[in-house]
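Student: Handing you a structure now.
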Amino acid sequence: MHRTGALFGQFKTLEQQKDTATLGMWIFLVTEVMFFGGIMLAYTINRHTYFHAFAMGSNTLSLGLGGFNTVVLLASSFTMAMAVWSSQTSKKGLITLFLSLTIFLGFVFFGVKYVEYAQKFHHHLVPGKNFDIFYCVNNPSKCDDIDAADMAKEKEELEVAAKADPDLNAHAQLYYSAYFGMTGLHALHMVIGAGLLFWLLKESVAGRFNAEWNNPVDIVGLYWHFVDIVWIYLFPLLYLIDRHK
Amino acid sequence: MRAEATGPALKLPEKHYLNATYGIRSWLLTTDHKRIALLWLAAVTFFFFIGGFFAMMIRLHLLTPNGYLLTPDMYNRMFTMHGVTMVFFFLIPSIPAILGNFLIPLMIGAKDLAFPKINLLSWYIYIVGGLFTLWAMVNGGLDTGWTFYTPFSTLYSNSAVAPAVVGVFINGFSSILTGLNFLVTVHTMRAPGMTWFRLPLFVWAHYATSIVMILGTPVIAITLGLAAMERVFGLGFFNPAMGGDPILFQHLFWFYSHPAVYIMILPAMGVISELIPTFARKRLFGYHFVAAASLAIAVIGFLVWTHHMFLTGQSTYAAVAFSFLTFIVAIPSAIKTFNWTATLFGGSISFDTPMLYAFGFLGLFMIGGLTGLFLGALGVDINIHDTYFVVAHFHYIMVGGAVMGYLGGLHFWWPKITGRMYPEWLARIAAFILFIGFNFTFFPQFILGIMGMPRRYHTYPPEFQIYNVMSTAGASILAVGYLLPMVYLTWAAFYGKVAGDNPWPATGLEWKTQSPPLTENFDVTPVVTWEAYDFHNRPDLGLDVPSGKGSPGVVAPAHGDD
Amino acid sequence: MSEQEHTEHIVSPGTYLAIILTLLALTGITVFAAFVNLGRFNIVVALLIATVKATLVVLIFMHAKYAPERTKLVIIAGIFWLALLLFMTLSDYASRVDYRGVRYPMTQIISHTLGNRG
């Protein structure tokens, strides 16, 4: 087995090894672009066709939580970039610090996501047999996490939407299919990213990274930034539809 | 070492990749691209048998118009599982994972691929995907057609759709990792002097194939992922009751599955580009055009997928645009075919088994490709869509093209892989049997299609029976044509005549190393100073050729050892 | 080793800080813009801002600005193929005369031009 930083047998120089690994990660990220692209296509077509249902769905999302998560993820990209810088300048303590911060921010993101998902389950907004977009409005006592003013606003919006789209309940499931599908896939990629970050943390604590050898930090960084970019698009697409009512 | 027609019998080299280490762990945990290629050969051959079994069931059932062998439900399962196995578990991996893995590092002068461990991982992922799919096959089967069209597959089918879809999804990662490995390897691991335009066209073909694998496979992944989520969790993108659209599934599915057919044929074309110059003893005509055509096929292949959907209610404008693009994508393939033919002109042709497969490819691929144009013509397609014409068309390309390329390549490189030569005359007979069996199986299907027999139907009007019987009879001959090489190639690997470094001789870098190669491929990193397929400037090949550019003159035909 | 330095451009923390602050500001602008009624241009503005953010992340955080030409080609290929997937599929939907009762703008333009024979 090779320890990180040692030259693998099929390469002639460390430079060639770095170059190869970096190119490999970029090409892998292109596959991820096409992967998310498929569900983006599904989203695009359905949002255009069922705009009212999508707007309604989007407005049941908490802008506060979504915005907060966006800030958290952007910050984690910053700390990741700083981790890469630390490894490029051989500041070993800082590498560990910034990697830890990135992981921490990642977990904050997961925590918020959990809260949001739990809320959706609670409010019968998961596509399937129990889906009911009118659930909270019809049973305000069951949805006590929505205050009265918001509940009134939601009721009003639902009435307008239902008039515009008689099949609102059916079509709203498409919005939530997009919501769970896209954020779920994104979260799965973040979990993988967190796993990679833990591995990096372990190696960094062991002092493996320095100006001569920091390629793993660099390429995990590329992956993490990509996951951030996906969220940069998901946030306006899912949370900001028709908010100006 | 050079092969000589007379002289003392050759001996296998003492150390090579097969005897470097022993034991099952040294094979299952290997990172040597050559051993991994053999792992792939075993796995892919296994799935080929499974797909072949389903084919046999289809053809036996279709011997009679009323279908006595299978129930309609069972028949649906047979053609579905035949398609899924053959497309995803045989055709897509075959040449790239076996010949590509084995040869690309050798052809570019590298010790291994860029990511040897990922290479092994790719094989394991294939096995896991295959196991899921096999499990689905014995636990309810799959009856949706290999195309998994919704809403039948997501809502109404009571076959094992979810595990099968998961199996194919997992298998997709295998494809992506192989493509990624090849792309990076060709970019960063070439030996000194191996410039892009000295690369063998086999490498160019695999480079183009890898582009398709990277850009297309993720889309089928998300498509099948969404279909699985719909079936299991009730997401609604393809469900009309929720406002979803089954046509969206078709768009997403074919966005990958059309380029997928280029994943299947480009490597075979790469093999042909190696066989024809070798056995015509002549430089390939129009090297740059063939390389560019490979890339063009890869790119343009992504622009035509809606030709699978002409009958889904498209507007005339969309249909015309895609039909036009479909005609355009035929052009680079035609360029290649013309160039291969032009290579033959004035060459010194010998009819060794690989060349027989190459000739088979030329004719059959041409028929398959031209019939594709019939299907791409809108007016014609309305009548022959979803008939046996389509079935015949794609089998001409996939079997007549891709499988011929695969077998031709296996024969050509068998001496390099095993160090031993296959039995030439038996191999030639097998090639003929295969060719005859193939044409008897699939040519009648063109006629059936024109006459109106729909595909995926378990019964048919009695007037079609004669062609169905002919087709089944042909299939049994075809089966013999497949079994013979499996037997004699296996025999030859252990008991065939020792071949030497370069029995043909051929011009590629892989032939400058011993047969079988060392684990590290070359004992010294080669420095390349010659162009590809340059028979005139390679005195080391021992051919009777006037050196320098110019007409070929008299050239010794390819190996005449036996 | 010095051979690392001339192939690896080290971006300064100051630059990273400037970028993250810009990204946060753009996020604020996106949210603000969502509350302004721009009709069908809301989505255009949102996507435009998201693309600016993504570009900053790719160029600076992911060092694409300092990467070899090959990397830039890979990135452009990825974006181009995504665009292919989206636009060519949408062209089918857009050109269907009446998809689910929703008339796409392109269909209206085409029908209008050709006298409703589509």
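Student: Restricting the search to region B:400-457, which residues are outside any helix (DSSP H, G or I), buried (at least 18 other Cβ atoms within 10 Å of the Cβ) and of a type in the set (G, A, S)?
Tutor: B:G419
Student: Which residues, counting only those in region A:115-159, are among the polar types (S, T, N, Q) and within 14 Å of chain B (Cβ to nearest Cβ)?
Tutor: Hit for region A:115-159 is A:N130, nothing else.
Student: Please go through region B:476-502 and pick out each residue that is in a loop (DSSP other than H, G, I, E, B) and crowded, with 23+ Cβ neighbours inside 10 Å. Full working, then the answer.
Tutor: First, pick out the residues of region B:476-502 that are in a loop (DSSP other than H, G, I, E, B): B:496, B:499-502.
Scanning region B:476-502 gives B:A499, B:G500, B:N502.
Student: Within region A:127-136, count every residue that is out of contact with any helix residue (DSSP H, G or I) (no Cβ under 9 Å at 6 or more places or on another chain) and assigned to a helix (DSSP H, G or I).
Tutor: 1
Student: Here's something else I'd like to know. Which condition number does B:I349 fail, the rest of (1) surrounded by 19 or more Cβ atoms within 10 Å (Cβ to Cβ); (2) aliphatic (A, V, I, L, M); (3) away from chain C (no Cβ under 13 Å); (4) in contact (Cβ under 8 Å) with a residue 60 or more places away in the chain being met?
Tutor: (1)
Student: Across region A:1-30, which residue is farthest from the other protein chains (Cβ to nearest Cβ) among those that are charged (D, E, K, R) and under 26 Å from A:V205 (Cβ atoms)?
Tutor: A:R3
Student: Quick test of your reading of the structure: B:Y460 fulfils all but one of (1) surrounded by 19 or more Cβ atoms within 10 Å (Cβ to Cβ); (2) in contact with a Phe, Trp or Tyr (Cβ under 8 Å, 6 or more places away or on another chain). Name the failing condition by number.
Tutor: For B:Y460, the exception is condition (2).
Student: Let me confirm something: among A:H124, A:H186, which residue is surrounded by 14 or more Cβ atoms within 10 Å (Cβ to Cβ) and assigned to a loop (DSSP other than H, G, I, E, B)? Reasoning before the result, please.
Tutor: Numbers: A:H186 fails: assigned to a loop (DSSP other than H, G, I, E, B).
Answer to the check: A:H124.
Student: Within region B:240-297, how many residues turn out to be closer than 21 Å to B:G100 by Cβ and assigned to a loop (DSSP other than H, G, I, E, B)?
Tutor: Summing the residues that are closer than 21 Å to B:G100 by Cβ and assigned to a loop (DSSP other than H, G, I, E, B) in region B:240-297 gives 1.
Student: Okay, moving on. Hey, B:T85 hits all of (1) touching a Gly at 6+ places or on another chain (Cβ under 7 Å); (2) among the hydroxyl-bearing types (S, T, Y); (3) modelled with pLDDT under 95 but one; which does it fall short on?
Tutor: Every condition holds for B:T85 apart from (3).
Student: Quick test for you: out of A:V72, A:V112, A:V33, pick the one residue that is within 14 Å of chain B (Cβ to nearest Cβ), assigned to a helix (DSSP H, G or I) and within 15 Å of the chain's Cα centre (by Cα).
Tutor: A:V33
Student: Scan region A:43-60 and tell me whether some residue there is more than 10 Å from every other protein chain (Cβ to nearest Cβ), modelled with pLDDT under 95 and outside any helix (DSSP H, G or I).
Tutor: Yes, region A:43-60 has at least one match.
Student: Find the residue count for region B:147-160, including only residues that are within 27 Å of the chain's Cα centre (by Cα) and at pLDDT below 95.
Tutor: Step one: list which residues in region B:147-160 are within 27 Å of the chain's Cα centre (by Cα), which gives B:147-149.
With the extra rule that they be at pLDDT below 95, the set shrinks to none.
Number of matching residues: 0.
Student: When residues of region A:5-24 are filtered for being crowded, with 19+ Cβ neighbours inside 10 Å and either over 31 Å from the mean Cα position of the chain (by Cα) or of a type in the set (A, V, I, L, M, F, W, C) (or both), how many remain?
Tutor: 4
Student: Could you list all residues from region A:61-100 that are polar (S, T, N, Q) and out of contact with any Leu (no Cβ under 6 Å at 6 or more places or on another chain)? It would help to see each step written out before you state the result.
Tutor: Taking region A:61-100 and keeping what is polar (S, T, N, Q), we get A:62, A:69-70, A:76-77, A:79, A:86-90, A:96, A:100.
The answer is A:S62, A:N69, A:T70, A:S77, A:S87, A:Q88, A:T89, A:S90, A:T96, A:S100.
Student: Select from region B:184-198 the residues that are among the aliphatic types (A, V, I, L, M), surrounded by fewer than 24 Cβ atoms within 10 Å (Cβ to Cβ) and within 24 Å of the chain's Cα centre (by Cα) and list them in ascending order. Write out each step before concluding.
Tutor: If we filter region B:184-198 for residues that are among the aliphatic types (A, V, I, L, M), which is where we start, we get B:184, B:186, B:189, B:191, B:194.
When the remaining residues are screened for being surrounded by fewer than 24 Cβ atoms within 10 Å (Cβ to Cβ), the result is B:186, B:189, B:191, B:194.
Within region B:184-198, B:V186 is the sole residue that qualifies.
Student: Does A:T102 satisfy the condition of being in contact with a Lys or Arg (Cβ under 8 Å, 6 or more places away or on another chain) and buried (at least 17 other Cβ atoms within 10 Å of the Cβ)?
Tutor: Spelling it out, it is not the case that A:T102 is in contact with a Lys or Arg (Cβ under 8 Å, 6 or more places away or on another chain) and buried (at least 17 other Cβ atoms within 10 Å of the Cβ).
The values are calculated or read from the model by the stated rules, or taken from the named source; none is laboratory data. These numbers come from a predicted model, not from an experiment. Backbone-built Cβ (ideal geometry, glycine too); neighbour counts: all protein chains shown.
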